[in-house]
Amino acid sequence: MSSDYEFSDDDGDYYDDEEMLDGTQEDDMDMDAFGEDFKVVPKGKHKAYEVEYDSLSQAAVEKLMKQDVDHICGIFGVDVSTANLLLRYIKWNKERLIEKYMDNPTTMLVAAGVIVPEASSQPAPAPIRTHSSTSSGFHIPKSLKPKVEEPFVCPICFDDDTSIQTLALDCEHTFCFGCWTAYVNSKIRDEGEHSIRCMAEGCALVAPDPFIRSILIPEPGAPKTWDRFQELLVRQFVACNNDLKFCPYPSCTNTVSCPSASSKASLATVVPTVSCGALREHMFCFGCPIESDHRPVVCGVARMWLKKCRDDSETANWIKSNTKECTNCQSTIEKNGGCNHMTCKKCKHEFCWVCMGPWSEHGTAWYSCNRFDEKTGVDARDAQSKSRASLERYLHYYNRWANHEQSAKLSLDLYAKTEKKMEDMQITSALTWIEVQFMKKAVEEVDKCRMTLKWTYAMAYYLAKGNQKDLFEDNQRDLEKAVEDLSELLESPIEAENIPTLRQQVTNKTVYVQKRNEIVLEDTANGFVEGRWKWNITVEGFDDPESD
């Protein structure tokens, strides 16, 4: 897949504003037509921060399933229904199925619910003998005489209508058509089950697809249930295949195939952001449950950051920064007065709030502390300072992360305002609707870059100090400044005489913002491949942090 905008990155990681714009104004941007505003240089290969993937419709996935089923049918000589049940039971692992089936076919067929277990052989019952007072011969007891066939009564609804339609699997557990219909519909629509077993208690036989279809298709509205059943089968196939992932967006049935990000090891060098192809907004991470584009930070760090933001550990950190512990019994104390002479209500220990040392060492200095050298006070102050510094550091990155997240949520309002400005431009100038699309492109670029900036703060929080972090934050700073400049242009009022100038400025700044975003993503992605990034915490797939 190629991105919407592509530029050459041969010039390095840092670019001067004038240098970048001078090189693109004449060649790449023709102000006479919107289609030339964002003309890009085509590339033959993917960028460092992109992954190769394919978008698959439900029909395409069903075709893959059929290939596996035909493969098993050809090897085992079984029908399609049996092959389907065997593959679903073994979670579509063909190699494991072949191995187990060749070892003991009957065991596999029973385990998959294809056939009923063979009844254990029991000795034939001995003939029953009865003694008659008039004869010493044998006769057939009443219990063994041929019985008159009784009318069928459904074991579930107890319907005994003689015209009732009945159905049964190979286990011969018979139920009426109405009960089967209600049961199958409930399993599929309410419980989301794709493996529907016999209704008889203790029976493990699974209903094959033709049996389920024969129940659903005659019913009014049942084709929707049958479609839902097919979707559940596809979802099970996708869930069992590490190379596939279902689109997490509601009501979307598309699937993404991304073999390059199917292993845990690969997630340490790439951020597998993919799109299912249904809509442009359907972008998500293939490697983790985060349902959004979290480039440039890898999945392991992104999950740690989100957990930290949700965790109550920061609340505890705040308490440590605003309270102190009694040095004797460790009870948490909050200062509620101006005096530094503290007395713990729990253990009655007296200490100094400023240096945390015993009050007995302070002499008569009730409102001042000049004993900063005592070891007990130094240790207590060090612990307090570290806690406060940790909280301030976290809030620095979190506030900026949350700010960009909030700005991204307000993008709908920005889109509406921009569309109104585009209409005003048409009215007050000679520009067509196509020619004013540069404003929409600018808003889309701002929205995309804010997502990048948001996750750069999560990454910076965990990056170890050093030159690489400094370079990363330099790129981050340049992108943030460019985004804010473009946002300011979009928010500026429109005057008829300034529209040509505004169009030129917005177009140029959009290209520049786009390039700065690519620099951040490219440099970060290359850093993962080259192993340049070091962390201040243990991250799966990376070396342990170096101790200071």
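The values are calculated or read from the model by the stated rules, or taken from the named source; none is laboratory data. Predicted, not measured: the structure shown is a model, and the values here were computed from it. Here the Cβ is made from the backbone with ideal geometry for all residues, glycine too, and neighbour counts use every protein chain on show. All accessible areas refer to the heavy atoms of the entire protein, side chains included, with ligands and DNA or RNA removed. Shrake-Rupley method; radii C 1.70, N 1.55, O 1.52, S 1.80 Å.
Taking the simple approach of a point 7 Å from Cα along Cα-to-Cβ for both Gln67 and Ile537, what is their distance in nm?
About 4.2 nm, to one decimal.
Using a 7 Å offset from the Cα along the Cα-to-Cβ direction at both Arg477 and Asp227, what is the distance between the two label points in nm, to one decimal?
Output for this residue pair reads 5.6 nm.
Would you tell me the accessible area of Arg189, worked out with a 1.4 angstrom probe on the heavy atoms of the protein chains, in Å² to the nearest 10?
140
Fully extended, how many nm does the chain gain between Gln426 and Lys346 (0.36 nm per residue separation, minus their Cα-Cα distance)? Display every interim value, and only then the final one.
On the way: separation 80, 0.36 × 80 = 28.80 nm, distance 7.45 nm.
Computed gain between Gln426 and Lys346 is 21.3 nm.
Where does the charge balance sit around Gly287 when Lys and Arg score +1, Asp and Glu -1, over other residues with C-beta under 15 Å from its C-beta? It would help to have the intermediate numbers written out before the result.
On the way: positive: Lys245, Lys264, Arg295, Arg303; negative: Glu50, Glu52, Asp243, Glu291, Asp293, Glu540.
Net charge around Gly287: -2.
Solvent-accessible area per residue for the stretch 405-530 at a 1.4 Å probe radius, Å²?
On the way: 5480 Å² over 126 residues.
Computed with neighbouring chains in place, this is 44 Å² per residue.
Over 18 Å between Cα atoms: which of Lys465/Lys515; Lys307/Lys454; Lys47/Lys441; Lys420/Lys515; Lys245/Lys534; Lys417/Lys515 fall into that group?
Working: Lys465/Lys515 26 Å; Lys307/Lys454 16 Å; Lys47/Lys441 21 Å; Lys420/Lys515 27 Å; Lys245/Lys534 30 Å; Lys417/Lys515 25 Å.
Long pairs (Cα-Cα over 18 Å): Lys465/Lys515; Lys47/Lys441; Lys420/Lys515; Lys245/Lys534; Lys417/Lys515.
Measure off 7 Å from each Cα along the Cα-to-Cβ vector at Thr323 and Ser251, then give the distance between these two points in nanometres to one decimal.
Modelled inter-label distance: 4.9 nm.
Starting with the highest mean, order 175-185, 460-470, 446-456 by the number of other Cβ atoms within 10 Å, averaged over the residues of each peptide.
The packing order, highest mean first, is 446-456, 175-185, 460-470.
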